[in-house]
1. Evaluate E = 1/(1 + (r/R0)^6) for A:ILE322 and A:ASP175, where r is the Cβ-Cβ distance and R0 equals 25 Å; express this FRET efficiency to the nearest 0.05.
2. Can you compute the label reach from A:ASP267? Point 7 Å from Cα along the Cβ direction, backbone N cut-off under 13 Å, restricted to the range A:522-557.
3. So what is Rg over Rh here for the range A:508-644, counting just Cα atoms and using Kirkwood for Rh?
4. Roughly how large is the B-A contact in terms of buried accessible area, totalled over both chains, probe 1.4 Å, nearest 100 Å²?
5. Expressed as a rounded percentage, what relative contact order does chain B have, with Cα pairs under 8 Å and six or more residues apart?
6. Starting from the coordinates of the alpha-carbon atoms of the range A:570-695, obtain the Kirkwood hydrodynamic radius over all distinct pairs and give the value in Å to one decimal.
7. Around A:VAL628, what is the net charge, scoring Lys/Arg as +1 and Asp/Glu as -1 over all other residues with Cβ under 10 Å from its Cβ?
8. What does the accessible area of A:ASP376 come to, in Å² to the nearest 10, when a probe of 1.4 Å is used?
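The values are calculated or read from the model by the stated rules, or taken from the named source; none is laboratory data. Note that the structure is predicted; figures quoted are calculated from it, not measured. Positions of Cβ are generated from backbone atoms using ideal geometry, with glycine treated the same way; all protein chains shown enter the neighbour counts. The accessibility values were calculated without ligands, DNA or RNA, using every heavy atom of the protein model including side chains. Shrake-Rupley method; radii C 1.70, N 1.55, O 1.52, S 1.80 Å.
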Amino acid sequence: MRAAHKVLLEVPFTPSEPSRGYNMRTLHVDLTNLKVTEKKVTQEMVDTFVGGRGFGLWYLWNATTPTTRWNDPENEIVISPGPIAGITQYPGTGKSLVVSISPLTDIPIDCNVGGYYGPLLKFCGFDALELQGKADREVIVLVDGPRGVIRIEEAPLEPADSHICSEIFTHMYADGPQDLKNVSVVSAGKGSDHSLIGCLNFSWYDAKRKAARLKQAGRGGVGTVFRDKKLKALVVRGPVIKADLNHVADRARIQKVGSVINKEIHDLDSQQCNMRRQGTAHLVEVMDAYDLLPVKNFQYGNHPDTKNIASWVWDKRFTQGIPDGCWYGCTMSCSKGADGHVVKTGPYKGDVVTVDGPEYENAAGLAANCGIFDPDWLLEVNFYCDTYGVDTISYGTLCAFAMECWQRGILDAERTGGLDLTWGNAESQMELLHQIARGEGFGLIAGQGVRKMKQIFAERGWGDLKLMTDIGMEVKGLEYSQYQSKESLAQQGGYALTNKGPQHDEAWLIFMDMVNKHLPTFEAKAEALHYFPLFRTWFGLHGLCKLPWNDIEPANNAEQDEPAKVPEHVHNYCEIASGVTGLEVTKEKIIEQSEKVYNFQRVFNLRRGYGRREHDWPPYRSVGPVTVEEYESRAERYDKQMAEEIGVDPAGKSVEEKIAITRTYREDRYAKLCDAVYKRRGWTTDGVPTMETITKLGIAFPEVVELVKKHGG
Amino acid sequence: MNGDPLDWFEGMTVRDVLKAKNYVFKLIIVTVNGTLIPRGSYDEAPVPAGADVKVVHLISGG
């Protein structure tokens, strides 16, 4: 296969190692003109955008216009790890951030992904990689740090599917067996070619299993953009990883907090979330117990068969006792793998593979939300989503939508080309994914996502648009991730008010709101919806994983003020950031750094014709019961709320009348939540950052000012 | 219990409260009448009649 490669461009470069987390240079690759350029990072860029998602958004803003579409050559994929990424003394410090204009939403998507690519790129000498233009043939882009060379090569023969091409390219570009761990590959598969829900796979070499493992930049269709640019893969070959390639300002500060949390994980994880054995799949039965597991397109919150896909199942299926961290030094080690899965269907039928996962989102979305409770089928669809480069969260939610459409007669066998989308039909779910990969059949419709499916079905006269709008779980065009938000007003906002679309990485407030009742007023919910999205944005600026923040807690966390914030870990992050960069970072500084980028992203949405109140409106299924069956499944709770909160006696009313009363009440509450959140964030009543806010934050660039003024800010 | 009434019985423990509410999440903080109950003591810690029990769940969400 390598013999078929043709070098289209080869450029030498001087590798460097960062100082205090920064190389102060980035790499721009023009795939159309086969040109590679280095760009300087300015101090202003660092001060305003920090790194990671911030750098990605800034570069994307400058590379595109308000009307650039996702598949225009000007659209970029920007990969940037952030200043802390690549340290090895603290868990969860190897993340990369991927930013692009999303095919699903037409606004920027940002993804936080593990694997080695970002840190290795950084240790070759670049704080970010911009990929712009489109190649005229299938290419790979290689950055080889030890050899000091960047190459664009035509790569016609390697399969696109990630579990194969990651392995091929890792071996192709490594300088012998000891070098395999210094190579990382970014790829997307056939599913990204024929859908809008493509994801990127970032590899890391698992020395124990002697195989390339995969982590996903999942959301928003970044894999689709990648394949549209005719990228087969990105390959980075970095130096041997050592303890301080970031040349940090004060290593002792980092080591001190690192040794404490590593001991904490070692001593306490098995009594807490058990991440080291079960990964995020520990949450499956927990969410079921709290009526939060999405079942049958978010209609219900639990199911008697959840036990078949619960954490104890995965505890046995995951191979234990293997270091499963997706970056060096991660003692959380939660990237679990199920070895020995015999593939049942499709082009790899009969192969024995390692499945990366399932994570909670996969178990909830691909299985429970589709009424499927079979662990073997879950492994099968997880494997194929990954290798085909398909976002498991979007795929699960769109399958669930299609299955409900089948339930309600909106779809039938004629309309699906013979696919029986009855709840629980795992074989059909699998065949639909293969159709997406092959680019045929109903797969071509389903692969466009929930928003487009609603439009298509309505245009064809198959279903009532109002009903489909209520049950189609997307906001801004992005499918919901896998938590029930119906009974938590704060989480309804946590999803629908998110910049990129309903991904739970800005705010997960369900327990605080629904169980603890710590957010009793609109103002309290707004305060949480101000703090937590900003706190969590910070991880994406610095190249961090959020799991070590709060999926492990110190033994004395219960005695601290505001234990939900895990204050000792917040202090740790201040110490790490200060120790790496030499800038004294406090918990207030964390919020300040994030608030600039967060508001800039909001204005970026505005620039593209979105970013206002109407775009923050959720589907009613995420707020309350749409159908009679949903209402009746929680009738006691809803009737009680009607009597006690709404002040209406439910007695004697039909279920339809009660649904309507509940809806009016809940939608009004959501509107009031928006008012409170916008006020707290320093936005207008239409959700536009005000002049005062952008000026205070130091992002009053001329075009930002013009946009804000134009929209009443 | 978190502001909601719960049927009390003689000999009720913190573990009984957690079972009654199906609170299976591990990262919780329990206080009874303002006193923090260590995690290892849930099986024995008594809940008197009329007690104000708070079960604070920490943030989760993968």
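1. 0.50
2. Output list for this probe position: A:553-557.
3. My calculation puts Rg/Rh at 1.05.
4. That pair hides around 2200 Å² of surface in total.
5. Averaging sequence separation for qualifying contacts and normalising by length gives 46 percent for chain B.
6. After inverting the mean inverse Cα-Cα distance, the result is 18.0 Å.
7. Within the 10 Å Cβ shell, the charges total -3.
8. 60 Å²
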